[in-house]
Every structure is written in structure tokens, then in C-alpha cells.
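Read through the structure below, which is laid out as C-alpha cells, and then see the notes.
The values are calculated or read from the model by the stated rules, or taken from the named source; none is laboratory data. The model shown is predicted, which means the values in this text are computed figures rather than measured ones. No Cβ is skipped: glycine too gets one built from the backbone with ideal geometry, and neighbour counts run over all protein chains shown. For the accessible areas, the whole protein counts, side chains as well, though only heavy atoms, and no ligand, DNA or RNA atoms are used. Shrake-Rupley method; radii C 1.70, N 1.55, O 1.52, S 1.80 Å.
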Amino acid sequence: MEHKTIDLSGLSVRQLRGRRRRLASSLTGIEALLRGTLMTQGRRCGKERCRCAHGQLHGPYVYLSVTRPGRRPRMVYVPAELTETVTAHVAASARVEAVVAEITAINTELLVRRALD
Ligand SMILES: [Zn+2]
């Protein structure tokens, strides 16, 4: 679903409710969600005589950086055969979060107008 930010204050209550209904019904595939940021990193193996000890790192390897409240992000290794799946999940997660944010914005606008149901 193509997603654009629009000025909600320009919509009628009826239009806001219609938009909210369409947004809510677009929330499918909720099982395929994965929040995080994909990144690539080189790694040191820890062996003293290895080339990586002198800066020639192994990899690059793909990781999913997952933020956690009050803690350092968790870096989860993504095997090559799962990179495509993880990429799709991360993109789907971003879309769902955008839809949830807009539904919340619509409900806030409805509250402002005393039209929250
Ligand atoms: Zn090494």
C-alpha cells in the first residue's frame, strides 16, 4: 500500500472514519513482522595471527540491529539464505507501523472534534 502523509484537518469526520477503516483493513500479514535495521559488519575472529587482527576483517556479514529500551541494540546474525525474508519482514514492519501511526493520528483528530467513537 502506497503511503502518503496527508493533512487530516482538511478531512470531514466521515472521510476520517473511511480512511481509518481502509487503513485498518490493510493490516494483513501481521505475523510477518520484524522490527530492526539491517546492517553489514566485518568481524574479528579473535585469533592473534589472523589477518583480521591487523584490520582485514572477516565478512562482511549481515546483521539485524534490534533496539531494546534502556539497553544496547541486539545484533542478530542474518544467514545469507534468510536475508531476503528478513528484508521483506523489516519492510512490512515499517509499513504496519506507518499505518498504526496514521490510525492513531486520525483518532486524535476525531477526539479533537469530539467525534471519537
Ligand atoms: Zn580472523
Here, strands (runs of 3 or more DSSP E) confined to region 33-103 with at least 1 residues that are touching a residue at least 24 places away in the same chain (Cβ under 8 Å), within 16 Å of the ligand (Cβ to nearest atom) and open to solvent by 50 Å² or more (accessible area, probe 1.4 Å) are 37-43
Report, by residue number, each residue of region 104-117 that is open to solvent by less than 60 Å² (accessible area, probe 1.4 Å), within 11 Å of residue 13 (Cβ to Cβ) and under 28 Å from the mean Cα position of the chain (by Cα). 106, 109, 110
Being aliphatic (A, V, I, L, M) and more than 30 Å from residue 88 (Cα to Cα) is the filter; apply it to region 1-60 and report the residue that is modelled with the lowest pLDDT. 53
Of 88, 53, 32, which residue is small (Gly, Ala, Ser) and more than 17 Å from the chain's Cα centre (by Cα)? 53
In this structure, does residue 28 turn out to be open to solvent by 90 Å² or more (accessible area, probe 1.4 Å) and away from the ligand (no atom under 16 Å from the Cβ)? yes
